[in-house]
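Let me begin by presenting the structure, written as structure tokens, before commenting on it.
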Amino acid sequence: MIIILKPDSDKGSTEYTNLVEYLDSLPNITIRMHEEIGEHQRLTEFYLVGDTLPLDDSYIGNLPLVERVVRVSREYRVLGRHKEDSRASYFDYNGVRFGQDEFNIFAGLCAVDTREHVEIMMRALNELGLNCTRMGAYKPRTNPYSFQGYGKGCLPYVFELAGKYGIKVIAMEITHDIHIDEISEALESSGNPTGVMLQIGTRNTQNFELLKAVGRQRKFPVLIKRGFGITLEESLNAAEYLASEGNHNVAFCLRGMKTNMGDPHRNLVDFAHVPVVKRFTHMPVCIDPSHSVGSRDYDPDGILDVMHAAAQGVIAGANMVLADFHPAPTKALVDGPQALMMNELEWFIEDLKLARETYLKRVALHDKYFVTT
Ligand code: PEP
Ligand code: MN
């Protein structure tokens with residue numbers, strides 16, 4: 001059960017104290033308070049976990065300060081969509097809105113290698129009007145002898161260049177909780193020129209201690225990737241781990257499933273799950289066509305499989321696209337063979353916009369034929 005208080009409810013008031021005392025007195029129930037401080041108002045919610053069945057919704061709904069009571073289904077208590085649940089399906093971070101009605105493109109380097117490549121990438125994004133990117137500093141590699149990423153050493157110039165080229169949000173994978181502090185310190189010592197969305201990679205989707213640590217911090221939003229060999233439900237529960245620890249600013253990324261049934265693609269593209277994730281949860285849904293397809297192969301018309309997969313996800317309603325680019329793919333230290341090239345960036349953006357417009361037209365078509373209630 002979620003108890004949503006009226007905006008800006010005063011935590012120092014007698015009503016608030018009485019409410020908390022009442023909730024604390026409920027048997028076999030634990031309470032978690034969640035606070036969202038927005039630009040215009042402060043929202044307080046209480047999550048009641050345990051034996052909530054005997055509770056009287058209308059009694060609680062009429063208590064002072066209470067605006068609404070939402071009965072949640074067992075699954076995905078915080079991130080899930082529940083009956084009569086009108087909580088927002090978006091969050092704002094560093095001036096950028098992420099949500100189920102938004103569309104954001106994160107084109108960038110799979111792994112940071114040189115300052116020069118980072119600068120070429122960011123300058124190109126800026127010229128084409130994009131303000132998000134991906135930059136890998138901590139790379140989880142299958143082979144222990146492969147390049148592991150430059151780690152905190154590259155952060156100062158990555159953040160400085162992001163500031164120079166108006167990049168507001170960098171998706172950056174972390175593999176250990178100490179990376180949160182390293183990113184935070186590097187941002188602060190460079191004067192916070194940009195923002196970071198912490199990425200949980202597919203290999204860490206069920207690293208529960210990492211999820212808890214990332215969920216406990218509220219400074220950075222999180223992009224969690226679907227686990228490549230587990231069910232969608234298991235991956236959505238992994239996302240819920242983040243939220244259950246307090247961080248509700250979570251986006252969910254589909255990136256293909258590991259099976260040779262997807263050959264010759266690197267993974268079996270799973271973007272038909274975009275609408276499923278939107279139906280089950282409030283999370284903005286991201287797609288990663290680069291790690292799904294894993295090559296620069298193209299069809300007889302010359303359109304790359306990566307672009308086809310991206311368009312499929314976007315036309316099905318995806319809200320974010322994460323894609324690998326590189327100024328010199330043959331020199332890339334990670335995933336060069338799947339990287340799109342700089343002279344393909346404008347084409348890629350235009351192609352995605354076409355798919356996005358088509359999705360919006362499909363929504364309008366639905367509204368034309370079905371009267372919404
Ligand atoms: C990545 O995005 O760089 C990455 C390693 O992806 P995944 O976790 O999906 O393999
Ligand atoms: Mn990669």
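The values are calculated or read from the model by the stated rules, or taken from the named source; none is laboratory data. Not measured: the values here are computed from a predicted model. When we count neighbours, we look across all protein chains shown, and the Cβ atoms used for this are built from the backbone with ideal geometry, even at glycine. When the accessible area is computed, the model is the full protein with side chains, heavy atoms only, and any ligands, DNA or RNA have been set aside. Shrake-Rupley method; radii C 1.70, N 1.55, O 1.52, S 1.80 Å.
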Trypsin sites (Lys or Arg not before Pro) within segment 107-195: which are DSSP loop residues with at most 16 other Cβ atoms inside 10 Å? Arg141
Tail beyond 19 Å, pair distance distribution of segment 220-373 (Cα, percent): 57 percent
Using every pair of alpha-carbon atoms in segment 2-71, split the distances into 10 Å bins beginning at 0 and state the percent of pairs per bin, rounded to integers. 20, 58, 20, 2
Keeping all protein chains in the complex and leaving out DNA, RNA and ligands, what accessible area do you get for Arg296 with a 1.4 Å probe, in Å² to the nearest 10? 60 Å²
The set of residues whose placed amide H lies less than 5 Å from the amide H of Tyr298, leaving out same-chain residues fewer than 5 positions away, is Asp305
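Please tell me the relative contact order of the chain in percent, rounded to the nearest whole number, where contacts are Cα pairs under 8 Å and at least six residues apart. Present the calculation step by step, with values, prior to reporting the outcome.
Working: 721 pairs, mean separation 52.1, N = 373.
14 percent.
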Please calculate how many Å² of accessible area segment 169-294 carries per residue, with a 1.4 Å probe and no DNA, RNA or ligand atoms counted. 35 Å²
Springs between alpha-carbon atoms under 10 Å, Gaussian network over the chain: tell me which of Leu187, Leu242, Leu211 tops the mean-square fluctuations. Leu187
Given 4 °C and 1.567 mPa s, how large is the Stokes-Einstein diffusion coefficient of segment 57-118 in µm²/s, with Rh as the Kirkwood radius over Cα pairs? 82 µm²/s
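Can you tell me the relative contact order of segment 2-71? Whole percent, Cα pairs under 8 Å, sequence separation 6 or more. Write down the numbers at each step before the final one.
Details: 101 pairs, mean separation 32.7, N = 70.
Taking the mean separation of contacting Cα pairs over the length of segment 2-71, I get 47 percent.
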Give the Debye-formula value of log10 I(q)/I(0) at each listed q (0.07, 0.09, 0.13 Å⁻¹), with one equal scatterer per alpha carbon of segment 92-369, two decimals each. -0.22, -0.37, -0.82
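Filter the GluC sites (Glu not before Pro) in segment 1-69 down to the DSSP loop ones having no more than 15 other Cβ atoms within 10 Å, then list what survives.
Values: sites: Glu15, Glu21, Glu35, Glu36, Glu39, Glu45, Glu67; in loops: Glu39.
Loop-located and lightly packed - Glu39.
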Sorted by chain and number, the residues with a modelled amide H under 5 Å from that of Thr281, at a separation of 5 or more or across chains, are Arg81
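Return the carbon/sulfur percentage of the accessible area of the chain, one whole number, probe 1.4 Å, all protein chains in place.
Numbers: 8900 of 17410 Å².
Carbon and sulfur atoms account for 51 percent of the accessible area of the chain.
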Flagged as over-length at 27 Å C-alpha distance, from Lys152/Lys258; Lys152/Lys331; Lys258/Lys278; Lys164/Lys278, the pairs are Lys152/Lys258; Lys164/Lys278
